[in-house]
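Quick notes on the structure that follows.
Just so it is clear, none of the values below were taken in a lab; they were calculated from the coordinates. All values reported here derive from a predicted model rather than from experimental measurement. Every residue, glycine among them, receives a Cβ derived from its backbone with ideal geometry; neighbour counts consider all protein chains shown.
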Amino acid sequence: MREPFCTKPWTELSYNTNGVRPCCVWNGEQYQGNLSEYKSSKYIKRIKKSMIDHNMDFLNKSCFDCIDNEKQNLYSPRQSRQARHLELFEYWPSNICNLKCIMCSANNSNLIEEEEINLGLRQPVEKHITDISKFDFENVKILRVYGGEPTAGVHTFQQLKSVADRGYAKNITLAYTTNATSYNKIWTNIANQFAETDVGISVDGTGKVFEYIRQNAKWNKVEENIFKIINDATNYKFSIVLQTTSFILVDKWIDFFLQFPANNIGMYQLYDVPGRLTAIPNNIKQRLINKLENKNHVLANKIINILQNAEFDIEELQAYKDYVLMLDRRRGTNILELDPVFEELLK
């Protein structure tokens, strides 16, 4: 009997304000029933059968992100296979966040949600309040918390405290993703009750380009917090989105990341908004490659390979231009002030 297309429906659970799904990149419908009944539901049984049968008519849509990443020789979550019981609980407590990142959406930032409501682009909706205070974490090895920004929400603190107060934390690794804008003592005190902490640090570039992409953040403060977070964490990894706005200036910010082990730098595909690396014209891309070759470093070589595999797409460039200029008008920012290369790109 061949292996299932993916083992996530057996080993993971991803819980957010919209429901429950087998993993964090699942593009299919979500389970709307009681969290405690998810593991025995018809919903997850149907998905498991599709995985066993390799039903690609179903999986090509629901598993699009992994399939797309693998076509581009990028990491996909389904490539990590585990035992056939629930070991990973992925938790998205809310969309509370202190930033309005240009590659983000209202689903992951309440500030973007409020911005769009004020502009009449969406209607306010009543949100489901997540609650893991009664979930049985007995066999869970990893509790992975996303946002929003996990360290910014009181509700998240309360939910994680409920896990610790019931005695589960000492056997669980707490994995979380942070934008590093805050070094929060309340969060740190709760996190330290878990067996280990595995931290994903979301950073896109440095300096001005970082502050343009991650709007409301200040690079100097984030840089300071990065080293505090690394010092506290059992394990850490940077999460960098493969997007035109930052990578067209990669030669100007890569040096900061060269001080860390290359295996601690993760780079992930952009979804949901325009601006993939395919928006970078070949002449600009070749200039970047030439500069990166002079770095003579494994991380630089990895980025060179990614750039070389990003075939220029004029439609992606036009969509990116329309998108960033729209955001500039909406937010009173100006991408052209970042670097002269944007004049060349967006002319």
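In whole Å, how far is the Cα centre of the range 89-117 from that of the range 204-253?
18 Å
Along the charge dipole of the range 177-226, pointing to its positive end and built from +1/-1 on Cβ of Lys, Arg, Asp and Glu, which listed residue (Thr188, Val203, Trp219) has its Cα farthest out?
Trp219
From the helices alone, meaning DSSP H stretches of at least four residues, give me the mean residue ellipticity at 222 nm for the chain, per-run term -39500 (n - 2.57), in deg cm²/dmol to the nearest 500.
-11500 deg cm²/dmol
Pop the C-beta distance of Val298 and Glu224 into the FRET formula with R0 = 30 Å and round what comes out to the nearest 0.05.
Once rounded, the FRET efficiency stands at 0.65.
Using Cβ contacts closer than 10 Å as the measure, can you line up Met267, Met56, Met103 from fewest to most? Intermediate values should be presented prior to the final figure.
Values: Met267 16, Met56 12, Met103 20.
Listing Met267, Met56, Met103 from fewest to most nearby Cβ atoms yields Met56, Met267, Met103.
Taking 0.36 nm per residue of sequence separation and subtracting the Cα-Cα distance, how much length would be gained by fully extending the chain between Asn18 and Glu315, in nm to one decimal?
Result for the pair: 103.7 nm of gain on full extension.
Could you derive backbone 3J(HN,Hα) for the range 134-139 from the dihedral phi with the Karplus parameters 6.51, -1.76 and 1.60 (θ = phi - 60°), listing whole Hz in sequence and x where the residue is Gly or Pro?
Each residue of the range 134-139 in turn: 10, 6, 7, 9, 3, 9 Hz.
Nothing charged except the Cβ atoms of Lys and Arg (+1) and of Asp and Glu (-1): what's the magnitude of the dipole of the chain about its Cα centre? Round to the nearest 20 debye.
Its charge dipole is roughly 720 debye.
Limiting things to C-alpha atoms, what are the Rg and the maximum Cα-Cα separation (Dmax) for the range 206-347, in angstroms?
Cα-based Rg and Dmax for the range 206-347 come out at 15.4, 46 Å.
Once the dipole of the range 243-347 is set up with Lys and Arg at +1 and Asp and Glu at -1 on Cβ about the Cα centre, which of Gly266, Asn305, Ala319 lies farthest towards its positive end?
Gly266
Arranged from highest to lowest average of other beta-carbon atoms within 10 Å per residue, in what order do the peptides 89-95, 30-36 appear? Don't skip to the answer; put the middle values down first.
Values: 89-95: 22.1, 30-36: 13.1.
Descending mean neighbour count gives 89-95, 30-36.
Let me know the charge dipole size of the range 243-347 about its Cα centre in debye, to the nearest 20, where only the beta-carbon of Lys, Arg (+1) and Asp, Glu (-1) is charged.
180 debye
Hey, could you grab the Kirkwood Rh for the chain? Inverse mean 1/r over distinct alpha carbon pairs, Å, one decimal.
For the chain, the Kirkwood estimate is 21.5 Å.
Rank-order 294-303, 170-179, 145-154 by packing density, defined as the average count of other C-beta atoms within 10 Å over each peptide's residues, highest first.
Result, highest mean Cβ count within 10 Å first: 145-154, 170-179, 294-303.
Please work out the C-alpha center-to-center distance from the range 260-321 to the range 6-70 and express it in whole Å.
Centre-to-centre (Cα) distance: 31 Å.
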